[in-house]
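Laboratory data are not the source of any read-out in this text; all were calculated from the coordinates shown. Given the structure is predicted, the values throughout are model-derived calculations rather than measurements. With ideal geometry, Cβ positions are generated from the backbone for all residues, glycine too; neighbour counts draw on all protein chains shown.
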Amino acid sequence: MQRPHPTGFVRPKERFSTEVQLTPESVAEFATRAGDANPIHHDAERAAATRFGGLVASGPQTSSLLMGLTASHFSQHGAMLGLEFSFRFRRAVGASERVRLEWLVVGVRPSTTLGGDLVQLRGRLLNENGETAVGAKGRVLVFES
């Protein structure tokens with residue numbers, strides 16, 4: 001008899017989250033490594049004169065934090081491969097903020113072709129005020145390692 005889910009451990013409505021403390025140094029380092037020379041990530045004086053009033057994290061950094069959480073979470077029980085992610089950047093994230101990353105499993109479908117579960121996700125990054133700064137959707141493959 002075939003199990004309803006090949007991996008047996010991913011369930012719809014499952015939630016997982018973590019919190020991350022950003023620092024101006026980590027924001028600048030990430031932007032540098034990503035090749036992003038925008039002064040709003042590196043130059044406190046220039047960033048202070050912008051609409052943001054200070055240094056902000058880059059979009060690639062905030063989206064990487066969200067994607068990284070999916071890999072860390074699902075790889076605790078097996079293997080995971082990201083298939084697609086999309087992001088909507090709604091608010092700037094300050095370089096000194098403590099942010100909350102959250103994901104919800106909205107669907108799980110076994111795939112015999114790919115040898116695992118196709119997992120649909122919705123996520124978000126919340127700023128210190130509890131506002132959604134980044135909205136996310138994702139689709140990953142989870143399989144036994």
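Between Phe89 and Ser64, the distance separating the two model label sites (each 7 Å from Cα on the Cα→Cβ line) works out to 1.4 nm. Amide H contacts of Ala79 (H built 1.01 Å from N, in plane; Pro and chain starts excluded): Phe143, Glu144, Ser145 sit under 5 Å, all sequence-distant by 5 or more or on other chains. Spin-label model, Thr32/Ser96: points 7 Å from Cα along the beta carbon direction are separated by 2.0 nm.
With the convex hull drawn around the C-alpha atoms of the chain, the volume per residue stands at 106 Å³. Using C-alpha pairs under 8 Å with a sequence gap of at least 6, the mean separation divided by the residue count of the chain gives a relative contact order of 30 percent.
Using θ = phi - 60° in the Karplus curve 6.51 cos²θ - 1.76 cosθ + 1.60, the 3J(HN,Hα) couplings for region 53-65 round to x, x, 5, 10, 6, 7, x, x, 5, 5, 5, 5, 4 Hz; x is entered for Gly and Pro. Site pair Ser145 and Phe9 shows an inter-label distance of 0.9 nm when each label is modelled 7 Å from Cα along Cα→Cβ.
Backbone phi angles across region 87-103, fed through the Karplus curve with coefficients 6.51, -1.76 and 1.60 (θ = phi - 60°), yield HN-Hα couplings of 9, 10, 8, 9, 9, 5, 10, x, 5, 10, 7, 9, 10, 10, 9, 9, 10 Hz in residue order; Gly and Pro are listed as x. You can think of it this way: the chain between Lys137 and Ser75 has 20.4 nm of extra reach, that is 0.36 nm per residue less the Cα-Cα gap.
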